[in-house]
Structures are given as C-alpha cells and as structure tokens.
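Structure first, commentary second.
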Amino acid sequence: MLDRYNSTAEEPLKNARNAAAGAIRNLDPKVTEKRCPEILFYNVNYAENGGFNSQIEIFDFLKKNGFKTFDFLRVCENLDEVKSAIDEIEVGRRKIDVLTDGAVIKLNSVKQREELGYTDKFPRWAAAYKFEAEEAETTLKDVRWQVGRTGKLTPLGIVEPVELAGATVSKATLNNYGDVLRKRVKKGGKVLIRRSNEVIPEILGATDENGEPIEKIKVCPYCKTPVTEIGANLFCPNENCRPRVIGKLENFASKDGMNVDGFSEKTAGALYDEYGVENFSDLYSLDKAKLTSLEGFKDKKAENLLSAIERSKTVELSNFIFALGIDGVGKKTAADLAKRLKTLDGFFAADEDQLAAIQDVGEITSKSIANYFKNDKNKAEIEKLLSLGVVVNGAVEIEHGSFSGEKVVLTGSLSSFTRSEAAKLIEARGGEILSSVGKSTTLVVAGEAAGSKLDKAKKLGVAV
C-alpha cells in the first residue's frame, strides 16, 4: 500500500507507520482515503453464545464475516516448529510492504489461555518475539536536556539524520549522564544508533574517539535553576519550571487521571504561556473566552473541552490519586492505595509505616506519598479543587458488601454482562477477582461454555 501511494504522491512518505498515523489523525477524509489505510484483525474480544475454542476458529470467523486478516498463521506442535515459523517471517518480511518487527506466539486453545490468565498488564499465554533491531552509524551533533514532570533531566542526542528501519532518525535517547560517560559519546563524534522494536532510537555508543566531551549540566536549561543530583539522575528542583508544569497538567488530565478528553500537551503549553495556568485548579476556572483566544481553538473545540473539564469533576479516588502525579505512584499503585485507604482523608491520615505495609508500595514510594500529603501547598491545592466542585468518590467500603470476603473467578459467557462489567460490580461489592481457579478461590461465576475453570471448580468443591 505504501509503495502504491508513493508512486503517485507529490510528497512520498518514508514509512507505513507514520503514513497510517497521519491518515487517522487527518481531519480531511479525502486525504485519508488517498492513503488507502487498511486494518487487519487478529482477535475477537467478546462473543455471545459461548465464544471460540481456538485461535484458528477466531481467524475462520473473521474471514467468513469479511474482516481482513494477515495471511501468515502457523499452528506449531513444538518449539522447533515455532522457531521455524519465526525464521520464515524473518526472511519473508523483507519482501512485503508491511513493517514487521517481530512475531506473536499464542496458545491456540482458548481454554488453556483461561487457565493461565494474565499478569497486571500482559497475558501469560502469549509472547512477543522481536527481530534484531537495525543499526546505523552517524554523527552526534549535540545533546539537549529534557525535563519531565518530576524534574528529571534526560539527555537527548541530536544526530545527523540517518535512514533506519524505514524512518529518518535525527534524535536518539541517552538515559542519564552516567550513560553518556559509559558510552563515551562526544559532540561531533561518530555513534552507533539502534532503533529498538523499530520505534525508539537509542545511542549504543561511540565508534571513534573524535569530538568534544559532553559536560554535566549545572543549571536547568529551561529555568536556569541549579540542578540537584539524586542517584544516577539529575533533577530540576523548580516546580514552576515550564516543562515540569506542562507534564504535570497533562498527567492530571490523562485518561487514567481526571480523564479530560481533548486536553493535550500542546493545550497545556498554550494555557501556561498565555494565562500562566500552572495549578490543577486553574483548569476549573477556564472559560470560553480564554480558550477561543488560543491558536487552533474555535467555538466548538472550546465548548467540548469545557464540557470535558466539567465532567471530570466527579472522579474515582484511584484516578484522583494518579492524577496528582505523586512520584512512584502509577495506575496500579493508585488503585491498590485507594482500596486500602478508602477515602481522601485516609491518605492525609496515613503515615509511612502504614503505606509501606501495602503490597508493592516500598519505602521510597511510601515516603513520597506521605510527604506529598503533608505538604501545605499540596493540601491547599486539593482543598481548592474540592471547593471548585471536584467530587472524589471514595473506594467502596467492602466489609458489608454482598461479595465481601469472596475470591471470585468469572468464566464463560454471561447473559447480562461482559466479564469485565461483572468484575467491576463484584469488586464494588467487596469481592476480589482472580484469573484462575485455585485453592484460595471461594466462588466461580459460570456462564455458557464455561469450560475448564468450571471443571476445576467442581473438582476442588468450590461453590459455583
């Protein structure tokens, strides 16, 4: 498709990934149509009447119903056959007009997938195999230091543009100043670049001794505040540093935070530059006149953003805690903390020992959380958010819920809910959802075509 488009395009595109992303984001459907985007299907996430028994059945269903699938599918009986299939893809990917950076190996049996379940982020029944990344030599022209919302300074290498894995690479990451020294990179010297997973370019190291040594910066390149060194990293301690503020606002409005649809890094930057918006509470004082004065904001876009900000005023406790951007507190930790501490007041009252006792919350993170809620400035900001109409729904008290104390496994197709919907209802009533049936399971909720989990529950005498 990319070759076909480029054969007649006024401005040829360098790679399919960028072409597809640009087609999806483009607001002119005629431009999108010219790029001939396609979507290939690999899975069916939900099906009534029992679902499917295997990946093969899923593919057959997709093809039968007119969905496009990729031609390559192999059922392997052993590890040698898996390796052979991967080798086949490795050779064949060079001849097709589709960017291919690896292969996915899945269990064919859906029942076996259910038995293995998931970690917090990934299925235990699938693995991704990545092909060796392409490498190229180029010249390191300069190093720029980027500031994240926590103040961490990360060096970014500016390199002489080089073609790598179908893209023109002009920037590449270096982790910290220690990484710069360890890889012996210098301004003006030759470096080896690798595009990991054909997405993120990184500098592997120097290939000659030429160039000018890179000095460790002493002040933040944005606000000129003297930097501090903590462990292997450098930090800007100025909380009002522009990139820190923009990153903080973007995280606050993100999907896992307050979920302000339509709020972006660009919007955060424009609001900071134009009106000095730097606190979370400032977002709830915006009006249409301020937004429409920003570049790219017409009436409709401004109205949509204001509506999204208004909707965000009612938020779950776990989302609110994530939105605050406390060091070390990601989505899962925020959810675990909310379950244990129950309310916003619970966070203010918790000390370091209580926090450290919560699973997966270590000493450093517990100290970070406790210090955040002791800070007078943070207290005042949270109080202001509440005064502006933000309502934080505390975690449901589970002691007296109808599923209190139950460790529940869901299996099969439920008649009135998807399994994820049912899981939320059970958790809201005090139950804990497990991915597989075991000795600790107290209840199995079984729908149609429940399969092996139901069989195991019966063997173990678990209530169904």
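The values are calculated or read from the model by the stated rules, or taken from the named source; none is laboratory data. Predicted model only: the values in this text are computed from it and were never measured. Cβ coordinates were reconstructed from backbone atoms using ideal geometry, including for glycine residues, and neighbour counts include every protein chain displayed. Please note that ligands, DNA and RNA were not included when accessible areas were found on the heavy atoms of the full protein model with its side chains. Shrake-Rupley method; radii C 1.70, N 1.55, O 1.52, S 1.80 Å.
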Legend entry - In the stretch 170-190, residue farthest from LEU13 (Cα to Cα) [restricted to those that are open to solvent by less than 70 Å² (accessible area, probe 1.4 Å) and assigned to a helix (DSSP H, G or I)]: GLY178
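Looking at this structure, is SER387 of a type in the set (S, T, N, Q), in contact with a strand residue (DSSP E or B) (Cβ under 6 Å, 6 or more places away or on another chain) and surrounded by fewer than 19 Cβ atoms within 10 Å (Cβ to Cβ)?
Taking the combined requirement at face value, the residue does not satisfy it.
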Legend entry - The one condition in (1) open to solvent by 80 Å² or more (accessible area, probe 1.4 Å); (2) assigned to a loop (DSSP other than H, G, I, E, B) that LEU13 fails to fulfil: (1)
Legend entry - Positions within the stretch 84-98 being open to solvent by less than 70 Å² (accessible area, probe 1.4 Å) and under 12 Å from PHE131 (Cβ atoms), in sequence order: ILE86, ILE89, GLU90, GLY92, ARG93
Inset, instruction - Restricting attention to the stretch 200-237, report how many residues are under 20 Å from GLU135 (Cβ atoms), outside any strand (DSSP E or B) and touching a residue at least 60 places away in the same chain (Cβ under 8 Å). - result: 2
Legend entry - Candidates GLU316, GLU239 - the one that is closer than 21 Å to ASN375 by Cβ and open to solvent by 40 Å² or more (accessible area, probe 1.4 Å): GLU239
Inset, instruction - Can you give me the number of residues within the stretch 313-333 that are in a helix (DSSP H, G or I) and free of Cβ contacts under 8 Å to residues at least 40 places away in the same chain? - result: 2
Inset, instruction - Output yes when any residue across the stretch 120-140 is over 30 Å from CYS236 (Cβ atoms), of a type in the set (Ser, Thr, Tyr) and open to solvent by 20 Å² or more (accessible area, probe 1.4 Å), and no when none is. - result: yes
Inset, instruction - Take the residues in the stretch 249-271 that are of a type in the set (D, E, K, R) and in contact with a helix residue (DSSP H, G or I) (Cβ under 8 Å, 6 or more places away or on another chain), then tell me which one is surrounded by the most Cβ atoms within 10 Å (Cβ to Cβ). - result: GLU250
Legend entry - Residues of the stretch 422-464 satisfying the condition of being among the basic types (Lys, Arg) and either open to solvent by less than 40 Å² (accessible area, probe 1.4 Å) or part of a loop (DSSP other than H, G, I, E, B) (or both): ARG429, LYS439, LYS453
